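Below you'll find the structure, written out as C-alpha cells, and then a few comments.
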C-alpha cells in the first residue's frame, strides 16, 4: 500500500518516510501492526483482537504517526499522538486510565501524549525508531507543546517485574520531584515482583531518558498487556538544543547508511 497523496510528510529518509496517516486504510494498517506486536508477540488481551487489529476508543481522537518503508510499501513503525484539546473532547488522556495526573496537568502549558508506540520485528535495530522519534519531536516543537507525556512499558522477565532494580538503573536526574509524582491506580502486586532485572530498560524508554524525561513515581500494572507502565514526562524546553545537536546527527547518519545500502 502506498501512502495517500494527501498524507503530510513530517520527515523523510530515502527508504523510510514518516508522516501522519490520514486515510482509514492507513490507520487500519497501523492498527494491524499494533495487533501483531501487542497481541501476537506480547500476548496482550486485546478487545479488538478477533479482527486482527488493535484499536480502542482513543484512536478516533488521535493523530497517527507512521513510518513507511517506501521499498517494501508497508508501515513498519507507529505511534499515536493525543494533544490536550483532543483529550478534552475524549474526556481524558489515555494515561489517566492508569494514573492520577492531577499534579502534572495542573502545570501551565500544552501537553501532547504519546502512546501505542511499536516497530515491526523485522525492522528493529535503530533506523525506524530514530526516524519515528525525529518526526515526533518535530511535530511537538512545531505544535509549540510544552510537555510530552505517556506510559513507557516494561515486560517482565522469567522471574517477574524487577521494579526496584529498574528504578536503580534510572539516573537520579531522571526521577521526578515530589511535586510531579503520580499514583498508579493498580500498583505492581508484591507477588509479581522480583529482585533481579531480567528485562532491562527498553530502547524507547532509553531515548526518553537520554533527552531528559522524568519518571514520575511507581509503575502501573497492566494485566491485559502483561507489563508495567512507567509514567514519563518530558519537558520540551530542554529538548530543543539536544534534539538539534544530538538526535539530528543520528538521524542524518542513519539516512546516509540507508542511502549507501540502496546504491
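The values are calculated or read from the model by the stated rules, or taken from the named source; none is laboratory data. What you are looking at is a predicted structure, and each value in this text was computed from that prediction instead of being measured. Note that we place each Cβ from the backbone using ideal geometry, even for glycine, and neighbour counts take in every protein chain shown.
Observations on the structure shown:
- Region 108-123 - residue that is in contact with a helix residue (DSSP H, G or I) (Cβ under 8 Å, 6 or more places away or on another chain) and in a loop (DSSP other than H, G, I, E, B) and, of those, surrounded by the most Cβ atoms within 10 Å (Cβ to Cβ): 120
- Within region 70-98, restricting attention to residues that are free of Cβ contacts under 8 Å to residues at least 40 places away in the same chain and part of a loop (DSSP other than H, G, I, E, B), the residue that is nearest to residue 120 (Cα to Cα) is 72.
- Residues that are surrounded by fewer than 16 Cβ atoms within 10 Å (Cβ to Cβ) and in contact with a helix residue (DSSP H, G or I) (Cβ under 9 Å, 6 or more places away or on another chain), drawn from region 75-89: 89
- Number of positions in region 152-169 that are assigned to a strand (DSSP E or B) and more than 16 Å from residue 210 (Cα to Cα): 5
- Boolean, residue 50 is more than 19 Å from the chain's Cα centre (by Cα), at pLDDT below 95 and part of a helix (DSSP H, G or I): yes
- Output for region 130-151, where each listed residue is closer than 12 Å to residue 234 by Cα and either touching a strand residue (DSSP E or B) at 6+ places or on another chain (Cβ under 8 Å) or assigned to a loop (DSSP other than H, G, I, E, B) (or both): 140, 145, 146, 147, 148, 149, 150, 151
- The set of residues in region 134-154 being buried (at least 24 other Cβ atoms within 10 Å of the Cβ) and under 10 Å from the mean Cα position of the chain (by Cα) consists of 149, 150, 151.
- As a summary of the residue check, residue 55 satisfies the conditions (1) in contact (Cβ under 8 Å) with a residue 60 or more places away in the chain; (2) part of a loop (DSSP other than H, G, I, E, B) except for the one numbered (1).
- Scanning region 175-198 for residues that are assigned to a loop (DSSP other than H, G, I, E, B), touching a strand residue (DSSP E or B) at 6+ places or on another chain (Cβ under 6 Å) and surrounded by fewer than 18 Cβ atoms within 10 Å (Cβ to Cβ) returns 186, 194, 198.
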